[in-house]
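Working notes, beginning with the structure itself.
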């Protein structure tokens, strides 16, 4: 039996990854400008805010694999994407460098879990005979998100 790659689950997963990457890369380029111009942050404070995201993302990855296997991949993915998305509302209220740093750290946790779980779910739902093509299209959504 020949299974199709472009099913509902694969399309939704690829689109969610695309949108996740758009938000990540749009903030990475605009947040330093906002911090410098609006909050008058110096370069070291801007570096700290940006580093908080990366630190959280790297820190959460080792436990993410365990959580995916223990609690279910779809549930972890949806929870991480929800956390990541909900935290965007916080930018409207985070009017200090300290609050934005905390917000970035929390969002970094969501990013780290989302990217690991998204890739894992992608491999799970892609038919074996379409694995190379499917992973190619899925990772293309990351590159396209960065480009947009």
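Laboratory data are not the source of any read-out in this text; all were calculated from the coordinates shown. What you see is a predicted model; the values in this text were computed from it and never measured. So basically every Cβ, Gly included, is an ideal-geometry build from the backbone, and we count neighbours across all protein chains shown.
Data for the structure
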{"item": "Theoretical gain in end-to-end length, residue 78 to residue 139 [0.36 nm per residue, Cα-Cα removed]", "result": "20.1 nm"}
{"item": "With Cα atoms, 0 to 90° folded angle of helix 73-86 axis to the chain main axis", "result": "30 degrees"}
{"item": "Highest-first arrangement of 93-100, 135-142, 120-127, where packing means the average Cβ count within 10 Å", "result": "120-127, 135-142, 93-100"}
{"item": "Overall form of segment 35-112 per C-alpha gyration tensor (a/c, 1.5; a/b vs b/c)", "result": "oblate"}
{"item": "Three-way shape label, segment 107-148, alpha-carbon gyration tensor, a/c 1.5", "result": "oblate"}
{"item": "Cα-based shape type of the chain, given that a ≥ b ≥ c are square roots of the gyration tensor eigenvalues and the cut on a/c is 1.5", "result": "prolate"}
{"item": "Estimated 222 nm signal from helices in the chain, with DSSP H stretches of n ≥ 4 weighted -39500 (n - 2.57), rounded to 500", "result": "-28500 deg cm²/dmol"}
{"item": "Packing-based exposure ordering (other Cβ within 10 Å, fewest first) of 73, 131, 104", "result": "131, 73, 104"}
{"item": "Degrees, to the nearest 10: 97-125 long Cα axis against longest axis of the chain", "result": "10 degrees"}
